[in-house]
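The values are calculated or read from the model by the stated rules, or taken from the named source; none is laboratory data. All of these numbers come straight from a predicted model, not from anything done at the bench. Cβ placement follows ideal geometry from the backbone for every residue including glycine, while neighbour counts extend to all protein chains displayed. For the accessible areas, the whole protein counts, side chains as well, though only heavy atoms, and no ligand, DNA or RNA atoms are used. Shrake-Rupley method; radii C 1.70, N 1.55, O 1.52, S 1.80 Å.
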Amino acid sequence: MIRDLFVFLQGTAADAAALDAAIALAQAHDAHVAALAVAHAPVPFASEWGVTAVGLDQAGFEALRKAAEDAAAGARKKLAAAGIAHEVRVADSPLAWPEEVAALHARHADLCVFGGPAPGAPGSRFGTSFDALLMHSGRPVLLVPDGVALMVPPRRVVIAWQPRREASRAVHDALPWLPRDAQVDVLVVNPQTTALGYGEAPGSDIARHLARHGCQAKVVEVERGGHSTGEAILEHARASVADLVVMGGFSHSRWREQVFGGVTRTVLEGTRTPVLFSH
C-alpha cells in the first residue's frame, strides 16, 4: 500500500511533473505527500586555519534560501489546490549536500517521486540527486520526465527484466500500485540462456509470478541489433505506448562524481515515459 510519497524539489521546471504525479498517486491511494526544498550552502572544509565555507557570503546564502522558499511556496500552492494531505519542508544544509538531506527524508516514505532532467536549468544537481535517492534512501524512485503526465493506474507496463536482485526489487516495489488487470510486457534483451543467467526460458519465471498476482504478463524477447540495451528498452516502451517502465537501477558513486550503469544512464537521459527505478 502507498501511504507516504516524497518529492525532492529541484527548483526547476521538472518539479511540476513530479508534483502532478505525486498528486495523482495520492488521490488514487489516499496518501500523504511530503515535499522538500533544500537551501544549499557549500560544504565547509577543514584546513590549518579552521573550518571554512567556500565562496558564499550572507547575500549569497539569502539568495539560495529564497530560491528554496520559492520552490516550496509553489509546491505548497499546487498541493493545497489538489486538496490532498501534504506538508512542504524547507531545510538548510550547511554541513551536508542537499541530496544527502533528501535521502534522509525519503527513508520515511513508500515512494520517492522525482522530476526528470530539465535542459538548461542553471546549477542543476539532477544526476547527484537521483543517485542519492536511488542508492541511499532505500526507497524506489519514480522518475517523471518534464512535461509528461503519469497515468494512474498504469494500464500498459514494461518491465525491463534481468535475473538480478535490483530488477526483482523493482518488480515487487511496483506491485502495490499496478492494477491486477494491467497488461505487462516482461522485456528481455539479448538474454543469456545459462543456468546462472536467464535460464532456458528467459523471463518466464517472473511472468508466471506476475500472473499469479493477476497481471496479464507476457514475455517479449528482443535483440539489440546495433543499439544498446537502454535504447532497446526505450524503443519498446515507445512502440508499445507504455504508461510505465519498471527496472532496476545501477550506479557506482565516486567522490562528488556519479557514474551510472550504461543502461540506467541511457534510460535516464532518453525516457519520455515515467520509470520506476529500484536498487
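Overview of values
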{"quantity": "Some residue of the range 229-251 being at pLDDT below 90, out of contact with any Ser or Thr (no Cβ under 7 Å at 6 or more places or on another chain) and open to solvent by 30 Å² or more (accessible area, probe 1.4 Å)", "calculated": "no"}
{"quantity": "A102 being out of contact with any Pro (no Cβ under 7 Å at 6 or more places or on another chain) and either in a loop (DSSP other than H, G, I, E, B) or basic (K, R) (or both)", "calculated": "no"}
{"quantity": "Among residues of the range 65-113, those that are in contact with a Gly (Cβ under 7 Å, 6 or more places away or on another chain) and open to solvent by 30 Å² or more (accessible area, probe 1.4 Å), counted", "calculated": "2"}
{"quantity": "Complete set of residues in the range 136-145 that are under 20 Å from T266 (Cα atoms) and assigned to a loop (DSSP other than H, G, I, E, B)", "calculated": "P140, P145"}
{"quantity": "Out of D185, D131, sole residue that is within 30 Å of D70 (Cα to Cα) and either in contact with a helix residue (DSSP H, G or I) (Cβ under 9 Å, 6 or more places away or on another chain) or among the basic types (K, R) (or both)", "calculated": "D131"}
{"quantity": "First in the range 143-157 and under 13 Å from R180 (Cα atoms), second anywhere and among the polar types (S, T, N, Q) and part of a loop (DSSP other than H, G, I, E, B), Cβ under 9 Å, 6 or more apart", "calculated": "R156/S240"}
{"quantity": "Filter result (surrounded by fewer than 22 Cβ atoms within 10 Å (Cβ to Cβ), among the aliphatic types (A, V, I, L, M) and in contact with a strand residue (DSSP E or B) (Cβ under 9 Å, 6 or more places away or on another chain)) within the range 2-24", "calculated": "I2, A13, A16"}
{"quantity": "Residue satisfying condition, being within 30 Å of V101 (Cα to Cα) and open to solvent by less than 20 Å² (accessible area, probe 1.4 Å), within set V188, V157, V148, V141", "calculated": "V141"}
{"quantity": "Complete set of residues in the range 167-181 that are buried (at least 18 other Cβ atoms within 10 Å of the Cβ) and modelled with pLDDT of 90 or more", "calculated": "A167, A170, V171, D173, A174"}
{"quantity": "Exclusive hit being outside any loop (DSSP other than H, G, I, E, B) and of a type outside the set (F, W, Y), set V148, V152, V158", "calculated": "V158"}
